[in-house]
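Shown next, in structure tokens, is the structure this report addresses.
The values are calculated or read from the model by the stated rules, or taken from the named source; none is laboratory data. Given the structure is predicted, the values throughout are model-derived calculations rather than measurements. Backbone-built Cβ (ideal geometry, glycine too); neighbour counts: all protein chains shown.
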Amino acid sequence: MLSHPNQTSDRKTALVIGANGVIGRNLIEYLTKLPDWNIIGVSRRGGESSGRVRYIPVDLLDEADTRKKLGSLTEVTHLFYAAYQDRPTWAELVPPNLAMLVNVVNSIEPIAPSLQHISLMQGYKVYGAHLGPFKTPAKESDAHHMPPEFNIDQQQFLEQRQRGQHWTWSAIRPSVVQLVDTCYFNMI
């Protein structure tokens, strides 16, 4: 295991943003099976805490509410960001989805000295998949497609915020996310 300069034990604390969504719910389920993780799930509605999992209801669009409810989570070592707010148009998706990420990072990064990594859930839309065919294999170094695209805005925020910091970040870009146990459909 890699050691982190500010880490005081082998115990890790995951802050899962979007805890009641498909990605967040499954991530929490996975992390509970690993013995070295404490988990904090964040969503608008919260959830029922048990064992090593506690939930916090937060309106991530409200900067003050986010700071108030996340501002004491000094133990966070890993931030998994999978929150999403739907809007009617591509342009309207950018402000709320960027604001939620900014509010979370601005609340956690200054107070969590052992923060090691931020994982950002994206998807193929960052490559322009929603606009039609795109170059494959797609690469992170490819030019961005024409805006608006909130994933790109979120990524640019993390790239700028991470400069000079001790933590790292990554983006996860699956082509499809399917919750098999409750959704039955043919992908073709």
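Counting the residues of segment 81-98 that are within 14 Å of ASP59 (Cβ to Cβ) and surrounded by fewer than 20 Cβ atoms within 10 Å (Cβ to Cβ) gives 2.
Hey, any hits in segment 148-171 for a residue that's within 17 Å of the chain's Cα centre (by Cα), under 27 Å from PRO95 (Cβ atoms), surrounded by 12 or more Cβ atoms within 10 Å (Cβ to Cβ) and at pLDDT below 80? For segment 148-171, residues within 17 Å of the chain's Cα centre (by Cα), under 27 Å from PRO95 (Cβ atoms), surrounded by 12 or more Cβ atoms within 10 Å (Cβ to Cβ) and at pLDDT below 80: absent. Can you name every residue in segment 51-66 that is surrounded by fewer than 18 Cβ atoms within 10 Å (Cβ to Cβ), over 18 Å from ARG11 (Cα atoms) and not acidic (Asp, Glu)? If the condition is that a residue be surrounded by fewer than 18 Cβ atoms within 10 Å (Cβ to Cβ), over 18 Å from ARG11 (Cα atoms) and not acidic (Asp, Glu), then ILE56, PRO57, LEU61, ALA64 are the ones that fit. Going through (1) touching a Pro at 6+ places or on another chain (Cβ under 8 Å); (2) surrounded by 14 or more Cβ atoms within 10 Å (Cβ to Cβ) one by one, ILE23 falls short only on (1).
For segment 65-79, the condition of being within 17 Å of the chain's Cα centre (by Cα) and modelled with pLDDT under 95 holds for none of the residues.
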